[in-house]
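Following: one structure in structure tokens, then a few remarks.
The values are calculated or read from the model by the stated rules, or taken from the named source; none is laboratory data. Because the structure is a prediction, the values reported are computed rather than measured. Positions of Cβ are backbone-derived with ideal geometry, glycine not excepted, and every protein chain shown enters the neighbour counts.
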Amino acid sequence: MTARAALLFTCVAFVGLVGACGGPGAQARPAELTVSAASHLAFAFQELGGQFEEATGVAVRYNFGATGVLARQVEQGAPVDVFAAAHIALLEPLAARGLLLPDTVAVYGEGRLVLWQPAEAPVRVASLEDLARPEVRRVAIANPEYAPYGQAAREALQAAGLWERLGPKLVIGANVRQALHFARTGNADVALVALSLAVGAGGRWVPVPPEFYTPLKPALAVVAASPRQEIARDFVRFVVGPRGRELLRRYGVVSPEGGAGP
């Protein structure tokens with residue numbers, strides 16, 4: 001290769017490298033944010049993610065699951081930028097250990113538990129006591145060991161004196177969204193799920209008395225190991241800001257008064 005040709009090759013390579021790295025005039029690919037979120041947020045956050053991408057150009061990829069399972073994934077170093085838990089009690093220990101940025105911890109609402117059925121359900125349930133009726137054969141709940149809504153369901157059934165009686169009827173889902181799926185597909189007659197899922201799924205639901213279970217305070221925070229912390233902070237601000245709060249309110253995630261944000 002001649003010296004002139006070598007110089008030309010070097011210049012072309014340099015221009016290509018600058019373009020690939022997002023130099024002046026380059027068409028950079030929009031950033032992508034990974035959010036691990038509690039299953040009760042599936043419908044609400046999918047809509048919210050679209051709004052966030054429209055406002056910022058940043059796409060959001062979700063990993064939905066039981067809060068306890070997601071927390072363990074964060075502990076094990078999963079490549080996650082934001083963690084949204086169904087209850088702050090499972091998030092705070094991670095922040096205390098430095099796995100989440102403490103100044104980004106923000107409560108984004110208050111969770112509500114309901115009895116949910118498809119609109120065409122042949123057996124109608126109007127209260128927790130109705131679960132003991134013989135025609136109600138299967139009752140779906142999330143796993144109480146990993147899912148805050150499963151814990152809330154167990155507490156509510158215990159408070160109503162039904163936990164032991166309903167033992168043979170219970171169908172345990174890996175998370176609250178799977179519990180809803182059991183009822184949607186006829187594998188359960190009714191499911192105890194989050195109001196936010198009930199709103200997104202349609203059908204019919206009855207509120208469970210809130211005094212029957214520990215109040216659920218969902219919260220989210222930026223993962224300390226995220227390489228996209230500024231974008232992750234923007235997402236948290238979006239969730240707890242006016243647009244996020246209004247959307248969550250429509251899905252039955254009641255916004256707390258005031259609220260914090262990074």
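In the range 92-126, the residue that is nearest to the chain's Cα centre (by Cα) out of those that are assigned by TED's automatic domain parsing to the domain that holds residue 164 and loosely packed, with under 12 Cβ neighbours inside 10 Å is 119.
Tell me, yes or no, whether the range 35-54 has at least one residue that is assigned to a helix (DSSP H, G or I), within 15 Å of residue 177 (Cβ to Cβ) and without any contact (Cβ under 8 Å) to a residue 24 or more places away in the chain. Checked against the condition, which is being assigned to a helix (DSSP H, G or I), within 15 Å of residue 177 (Cβ to Cβ) and without any contact (Cβ under 8 Å) to a residue 24 or more places away in the chain, the range 35-54 yields at least one hit.
So that you can scan it fast, the table gives a plain yes or no per residue for (1) farther than 27 Å from residue 91 by Cβ; (2) in contact with a strand residue (DSSP E or B) (Cβ under 6 Å, 6 or more places away or on another chain):
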site	(1), (2)
135	yes, no
142	no, yes
146	no, no
163	no, no
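Restricting attention to the range 217-233, the residues being of a type in the set (Gly, Ala, Ser) and within 13 Å of the chain's Cα centre (by Cα) number 2.
Taken over the range 75-91, residues that are assigned to a helix (DSSP H, G or I) and exposed (fewer than 15 other Cβ atoms within 10 Å of the Cβ) amount to 1. All of (1) touching a Gly at 6+ places or on another chain (Cβ under 8 Å); (2) free of Cβ contacts under 8 Å to residues at least 40 places away in the same chain hold for residue 117 with one exception: (2). The residues of the range 30-39 that are modelled with pLDDT of 95 or more and either more than 20 Å from residue 77 (Cα to Cα) or under 9 Å from the mean Cα position of the chain (by Cα) (or both), listed by number, are 35, 36, 37, 38, 39. Which ones in the range 100-140 are under 30 Å from residue 241 (Cα atoms), not in a helix (DSSP H, G or I) and not aromatic (Phe, Trp, Tyr)? 100, 101, 105, 106, 107, 109, 110, 111, 112, 113, 114, 115, listed by residue number.
Among the residues making up the range 176-216, those that are surrounded by fewer than 16 Cβ atoms within 10 Å (Cβ to Cβ) and farther than 21 Å from residue 47 by Cα are 185, 186, 187, 207, 209, 210, 211, 214, 215. Of all the residues in the range 128-146, those that are in contact with a Pro (Cβ under 9 Å, 6 or more places away or on another chain) and either among the β-branched types (Val, Ile, Thr) or under 10 Å from residue 172 (Cβ atoms) (or both) number 1. When the residues of the range 133-172 are filtered to those that are in contact with a Phe, Trp or Tyr (Cβ under 6 Å, 6 or more places away or on another chain) and either buried (at least 16 other Cβ atoms within 10 Å of the Cβ) or without any contact (Cβ under 8 Å) to a residue 24 or more places away in the chain (or both), the one that is farthest from residue 116 (Cα to Cα) is 155.
Scanning the range 55-66 for residues that are small (Gly, Ala, Ser) and not in a helix (DSSP H, G or I) turns up 57, 59, 65, 66.
Quick check on my filter: what residues within the range 226-244 are free of Cβ contacts under 8 Å to residues at least 40 places away in the same chain and either in the same structural domain as residue 201 (by TED's automatic domain parsing) or in contact with a Gly (Cβ under 9 Å, 6 or more places away or on another chain) (or both)? 237, 241, listed by residue number.
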